[in-house]
Amino acid sequence: MTDAAAPQAGAPAQPAPPGGHVTATGEVDWVKIFLGFGGMVIGQFMAILDIQIVASSLSQIQAGVGASADEISWVQTIYLLAEVVIIPLTAYLTKMWGTRQVYVFAAAAFIVTSVLTGFSTNIEMMIVLRAFQGLAAGAMIPAVFATAMTVFPPEKRVTANVVVGLIVTLAPTVGPTLGGHLTEALSWHWLFFVNVPPGLLVMFLVGRYGDFDKGDPSLAKGIDWPGLATMTVFLLSMQYVIEEGSKEGWFDDDVILWLTVTAAITGVLFIWRQLTYRQPIVSLKPFRDRNFTLGFLMNAVSGMSLFGGTFILPLFLGQIRQYSAAEVGTTMLVSGLVMFLSAPIAGRFVRLMDPRIPLVAGFALAAYGVGLGVRVTADWGFWEFASLQAIRGFGVMIAMIAAQQLSVSTLPPEMMKDASGLVNLVRNVGGAIGLAVLTTILSDQTAVHLSELSAGMSVANLQGQEMLTNLTAMMEAQGLANPEGAARKFLGMALRRDAAVLGFADGFYFLAMGCAVAALLGFLATPAKNKAASGGGGH
């Protein structure tokens, strides 16, 4: 690749050829650049949106394709598995074929697989097609950030980063909202058919104006097939363990145990191969940069907070409050609106200050916002969650933009594609880890709290006896045939609900602690604002 330190400020990292983004007078045609980049942004939004767009409609999809409760979870899991595998490989593909060619092909594949998924008649068909849809989506995600950091001049990079951060945070947040309303207004099939119009727009804009770089076909001659194989096995095994471990009792299940061993072995082999092979599939050189390594860890935490918050809120509203898909979507809309409205403010905050300040402030705000959920009760609804979502949304937006900016602030342009792939990968993996831990916390802590509450309400306990007596009297007054049995059943349901609420409170506490740790890590970052602003290779 050609270094971005071109004589003209604002020249792309790989200068566009005549007829691309350079006018006859030699000036950069920013209109074409924004159109091409805008097309990539739309593609990234679609790809990330489809992770969560099915979240509030899984029961409808389950009924539509005749799936069991265990099988339907694979509609989301397989999509994430496929994304995780292709994201780090995308940097190599764009180096070999060029960003435009890879992106247009991925968008076309995404459209086709989305339509076919919408026509699925059974769960097996849907799982296979969702895997291919995830591969196409994953190829559209990391290229946007890499393009933003190489095509735009230093003074425009934070703005481009704001756009990328907005998409990354907004898409999974509005996914359940859009999905819930689409399913109620039309049917679950339209969760996938809706991708066709924007997908065609992406193909046109990127195909017409996305001439950002040129590929190097010679890279096809030395593809590291052993490295690709070990990476695929490592990521698939790791992601499966993370996604399914809590459901299967972790290492009590032989499959989870052996896949964990497999992931550990292939992970070590993959890293060794990438460090020793002359033409690695995934370059690990960015980890030599301290800021990238810190940003890498912070992006993992921001992914955990982003996906974890999007997971735990709809679950609470559906299980505890019995909200419909549309009601869940409406409640979740607060996060999306706050993120959208706060993006320009967050961008200015990141641009004008020492990068450590927005990092610490963003994660601290996110920790405080999520921490409000520690006091959650069974009566919490839209307005109680509004402040939690608003503070968390604003904090996550600042933290996400600052973490992304930190990751590449001191990297040379030739590392941007590899860095972008790694950042997007760790965000997804961090999100998956967050979901796995949250699922385990909700399951285990709910059982612990139920045991404690039941002990407090035992018939051997005076308070328990008194409550059971009062409930029995109430049921008898209603003319029930077996008032004591009805009272015991009601009391059991109330205890299980209260235990579940306490389990959710523990889940919010875990997310808050993760954000607090990331805030502390922000103090370790090295100021790089002057380097980033100087242009040339310093960025």
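Here are a few things to note about the model shown:
- Condition met for Ala4 (at pLDDT below 75, in contact with a helix residue (DSSP H, G or I) (Cβ under 6 Å, 6 or more places away or on another chain) and within 20 Å of Phe212 (Cβ to Cβ)): yes
- Residue in segment 287-300 that is in the same structural domain as Val437 (by TED's automatic domain parsing) and among the small types (Gly, Ala, Ser) present: yes
- Segment 275-315 - residue that is buried (at least 21 other Cβ atoms within 10 Å of the Cβ) and β-branched (Val, Ile, Thr) and, of those, nearest to Asn428 (Cα to Cα): Val301
- So Gly215, is it part of a helix (DSSP H, G or I) and in contact (Cβ under 8 Å) with a residue 12 or more places away in the chain: no
- When Ser324 is tested against the conditions (1) of a type in the set (Gly, Ala, Ser); (2) over 30 Å from Leu372 (Cβ atoms); (3) surrounded by fewer than 19 Cβ atoms within 10 Å (Cβ to Cβ), the lone failure is (2).
- Whenever a residue of segment 20-47 is modelled with pLDDT under 65, its partners that are hydroxyl-bearing (Ser, Thr, Tyr) and assigned to a helix (DSSP H, G or I), lying with C-beta atoms within less than 9 angstrom and at least six residues away or across chains, give the pairs Gly20/Tyr209; His21/Tyr209.
- Search result, residues across segment 177-211 that are farther than 18 Å from Gln133 by Cβ and either under 19 Å from the mean Cα position of the chain (by Cα) or without any contact (Cβ under 8 Å) to a residue 24 or more places away in the chain (or both): Thr177, Gly180, Ala185, Leu186
- Residues satisfying the stated conditions in segment 180-232, i.e. within 27 Å of Glu327 (Cβ to Cβ) and acidic (Asp, Glu): Glu184
- Check on Gln101, over 24 Å from the mean Cα position of the chain (by Cα), modelled with pLDDT under 80 and under 22 Å from Ile141 (Cα atoms): no
- Qualifying residue in segment 520-530 (condition: surrounded by fewer than 14 Cβ atoms within 10 Å (Cβ to Cβ), at pLDDT below 65 and part of a helix (DSSP H, G or I)): yes
- Some residue of segment 160-183 being more than 22 Å from Phe311 (Cα to Cα), in the same structural domain as Gly36 (by TED's automatic domain parsing), out of contact with any Cys (no Cβ under 6 Å at 6 or more places or on another chain) and not hydrophobic (A, V, I, L, M, F, W, C): yes
- Given (1) under 22 Å from Gly430 (Cα atoms); (2) free of Cβ contacts under 8 Å to residues at least 24 places away in the same chain; (3) of a type in the set (Asp, Glu), index of the condition Asp254 fails: (1)
- One residue stands out among those in segment 362-389 that are among the aliphatic types (A, V, I, L, M) and under 22 Å from Leu520 (Cα atoms): the one that is surrounded by the fewest Cβ atoms within 10 Å (Cβ to Cβ), which is Val374.
- For segment 123-151, a tally of residues being under 12 Å from Ala107 (Cα atoms) and either β-branched (Val, Ile, Thr) or outside the structural domain of Lys32 (by TED's automatic domain parsing) (or both) returns 1.
- Restricting Thr117, Thr159 to residues that are buried (at least 24 other Cβ atoms within 10 Å of the Cβ) and among the β-branched types (Val, Ile, Thr) narrows the list to Thr117.
- Tabulated pairs, segment 223-234, first touching a residue at least 60 places away in the same chain (Cβ under 8 Å), second in a helix (DSSP H, G or I) and surrounded by 15 or more Cβ atoms within 10 Å (Cβ to Cβ), C-beta under 7 angstrom, 6+ apart or interchain: Met231/Pro88; Met231/Phe270; Thr232/Val85
The values are calculated or read from the model by the stated rules, or taken from the named source; none is laboratory data. Nothing here was measured: the structure is a model prediction, and the numbers come from that model. FYI the Cβ positions are ideal-geometry reconstructions off the backbone, even for glycines, and counts take in every protein chain you see.
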